[in-house]
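Colleague: One structure is given below, represented as C-alpha cells, and several questions about it will come after.
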Amino acid sequence: MDIQHHLPKDKFQELQAKHQDAIDYLSQLSEGIREFFQEYNLSLLLIDADCTVLKSYSLPFYQMTPGEIEGRLCWN
C-alpha cells in the first residue's frame, strides 16, 4: 500500500463519481455481510483499474480508517 500517494480531494471525488454505480452496489451488498467481515477481521475494498482505493466497506484494513485508505494506491 502506497500511503504516500493520496489523490487530491477534488480528483478523488471525480473518480468516485465515475464509479458511483459500483460503489452503491457494493454498499448494499456489504450490509448483509458486514458482521462476517468484522468477526473474521476481513476487509472489502473497491479499487479501480489503476489500483486506487475507491471505497473501504469494512474495517480493519491494516487498522486504517476509510478516510485514511480511500484515494490511495494499492501498490507502486
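Colleague: Quickly rank 14-21, 35-42 as a protection proxy: mean count of other C-beta atoms within 10 Å, highest first.
Modeller: Numbers: 14-21: 12.8, 35-42: 10.8.
Highest-to-lowest ranking by the protection proxy: 14-21, 35-42.
Colleague: Could you give the nm distance between label points at C74 and K9, where each point is 7 Å from its Cα heading toward the beta carbon?
Modeller: Inter-label distance under the simple model: 2.8 nm.
Colleague: In sequence order, what are the phi-derived ³J(HN,Hα) couplings for the stretch 43-55 according to the Karplus relation 6.51 cos²θ - 1.76 cosθ + 1.60 with θ = phi - 60°, rounded to whole Hz, with x for glycine and proline?
Modeller: Result, ordered by residue: 10, 10, 10, 9, 10, 9, 5, 8, 6, 8, 6, 8, 7 Hz.
Colleague: Please say if the stretch 1-59 is rounded, prolate or oblate, where rounded means a/c under 1.5 for a ≥ b ≥ c the square roots of the C-alpha gyration tensor eigenvalues, and otherwise the choice is prolate for a/b larger than b/c and oblate otherwise? Spell out each step's value before the answer.
Modeller: Numbers: a/c = 2.81, a/b = 1.50, b/c = 1.88.
Cα axes put the stretch 1-59 in the oblate bin.
Colleague: By how many nm would the segment from I47 to D21 lengthen if fully extended, with 0.36 nm per residue of separation less the alpha-carbon distance? Don't skip to the end; give the middle numbers.
Modeller: Values: separation 26, 0.36 × 26 = 9.36 nm, distance 1.32 nm.
Gain on stretching I47 to D21: 8.0 nm.
Colleague: Give the peptides 44-50, 27-33 in descending order of average Cβ contacts within 10 Å, highest first. Don't skip to the answer; put the middle values down first.
Modeller: Working: 44-50: 13.1, 27-33: 11.1.
Peptide ranking by packing, descending: 44-50, 27-33.
Taken together, the values in this text are just the output of simple stated rules run on the coordinates, not laboratory data. Being a predicted model, the structure only gives us computed values, none of them experimental. Positions of Cβ are generated from backbone atoms using ideal geometry, with glycine treated the same way; all protein chains shown enter the neighbour counts.
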